[in-house]
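So the structure is just underneath, and the comments pick up after that.
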Amino acid sequence: MLIDGAGQDAHGVESTERVLEIVRRDPDASVLDYRNIPWVAGTRRPMTPDRLGELVFPSGRPLSPSLRAWLAYDTTLLERHGWFDADGGLAPRPLDELVDAELGPPWASEFAPLARRFPECFLLPGGSDSRRVLAVGDPDSTGEYPVLAVDVDDLPFVGLMYPGFDVYLAHTAGLFTAEFPTYTALFDHEAYGRRMREHATLRFGGDSCAEWPF
């Protein structure tokens, strides 16, 4: 188990495999402690090796290592969050379209200026007035794409919350604990801060978030 400040050096597939050890023991358990969203809905449906081997994002970018490992175990969690089209291909949305669907049309226009910067977004479980969004683009040094926090509770906000699907899974599954006084708290994390800063350079010109008005 990962403990804050001690041995948190797992990334990518290694981190995801630790999460899968937990999920395999109780796949019906909820991803979230405040809303019933099971890790696996009904019968587990892994992606076939042939399909997994050929699957890429519409932009041509490859799956991240953690995402590939997760889909090899099961597809139902991501299916329930709109990741796939009718033919089984990946179906990303620009950030403003995802906000429109999830938080309502009045907010979509606020995020429209960011649509070109974040054209391939996927919804993940988490948040109430906020959302967790995997944003495909240039990956970090581990091959992972960041998970953003999108919030409209006060002022519109979008910023880096996790450096990858791997760390999102690890935190959500309880493999490590972290306080989030702000969405971008992992910038100060011993193991994951370096990757957060990589994404900041790639996505926000060195900042942790986009400043509103966008």
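The values are calculated or read from the model by the stated rules, or taken from the named source; none is laboratory data. Computed from a predicted structure; not experimentally measured. FYI the Cβ positions are ideal-geometry reconstructions off the backbone, even for glycines, and counts take in every protein chain you see. Accessible surface areas use protein heavy atoms only, side chains included; no ligands, DNA or RNA. Shrake-Rupley method; radii C 1.70, N 1.55, O 1.52, S 1.80 Å.
What does the accessible area of residue 151 come to, in Å² to the nearest 10, when a probe of 1.4 Å is used?
Result for residue 151: roughly 20 Å² accessible.
Near residue 169, within a Cβ-to-Cβ distance under 14 Å, what is the net charge of the other residues, with Lys and Arg +1 and Asp and Glu -1?
Result for the local shell: -2.
Using the scaling law 2.2 N^0.38 Å as the reference, what is the normalised Cα Rg of the chain? Mind dumping the intermediate values first?
Numbers: Rg = 16.3 Å, N = 214, 2.2 N^0.38 = 16.9 Å.
Cα Rg divided by the expected 2.2 N^0.38 Å: 0.96.
Taking the Cβ-Cβ separation of residue 211 and residue 178 as r and a Förster radius of 30 Å, what is the calculated FRET efficiency to the nearest 0.05? Could you put the intermediate results ahead of the total?
Values: r = 24 Å, r/R0 = 0.80.
The calculated FRET efficiency here is 0.80.
Compute the FRET efficiency between residue 190 and residue 21 as 1/(1 + (r/R0)^6), taking r as their Cβ-Cβ distance and R0 = 22 Å, and round to the nearest 0.05. Please report the intermediate quantities before stating the final value.
Values: r = 23 Å, r/R0 = 1.04.
With a Förster radius of 22 Å, E is 0.45.
With n ≥ 4 as the cut-off for DSSP H runs, can you work out [θ] at 222 nm for the chain, using -39500 (n - 2.57) per run divided by the number of residues, rounded to the nearest 500? Please list the in-between numbers first.
On the way: 8 runs with 68 residues, N = 214.
Taken over the chain, the calculation gives -9000 deg cm²/dmol.
Would you rank 22, 37 by solvent-accessible area, highest first, keeping every protein chain in place and using a 1.4 Å probe? Show your work: numbers first, answer last.
Details: 22 45, 37 20 Å².
Sorted by accessible area, descending: 22, 37.
Given contacts defined as C-alpha pairs under 8 Å and at least six residues apart, what's the relative contact order of segment 1-98, whole-number percent? Spell out each step's value before the answer.
On the way: 83 pairs, mean separation 24.4, N = 98.
It rounds to 25 percent for segment 1-98.
Relative contact order of the chain, please, whole-number percent, based on alpha carbon pairs below 8 angstrom and at least 6 residues apart. Walk me through the numbers on the way to the answer.
Details: 362 pairs, mean separation 41.5, N = 214.
Once divided by the residue count of the chain, the mean separation gives 19 percent.
How charged is the neighbourhood of residue 210? Take every other residue with its Cβ under 13 Å from the Cβ of residue 210, and add Lys/Arg as +1 and Asp/Glu as -1.
Working: positive: 116, 117, 203; negative: 96, 110, 151, 207, 211.
Around residue 210, the surrounding residues sum to -2.
Going from most exposed to least, what order do 196, 47 have by accessible area with a 1.4 Å probe?
Details: 196 0, 47 25 Å².
Solvent-accessible surface, decreasing: 47, 196.
Please identify every one of the GluC sites (Glu not before Pro) in segment 163-214 that sits in a loop by DSSP and has no more than 16 other beta carbons within 10 Å of its own beta carbon. Kindly include the intermediate steps, with their values, before the conclusion.
Working: sites: 179, 190, 198, 211; in loops: 179, 190, 211.
Answer in residue order: 179, 190, 211.
Restrict the search to segment 1-102; then list the chymotrypsin sites (Phe, Trp or Tyr not before Pro) that DSSP places in a loop and that have at most 10 other Cβ atoms within 10 Å of their Cβ.
Values: sites: 34, 39, 70, 73, 83, 84; in loops: 34, 39, 83.
Passing both the DSSP loop test and the Cβ count: 34.
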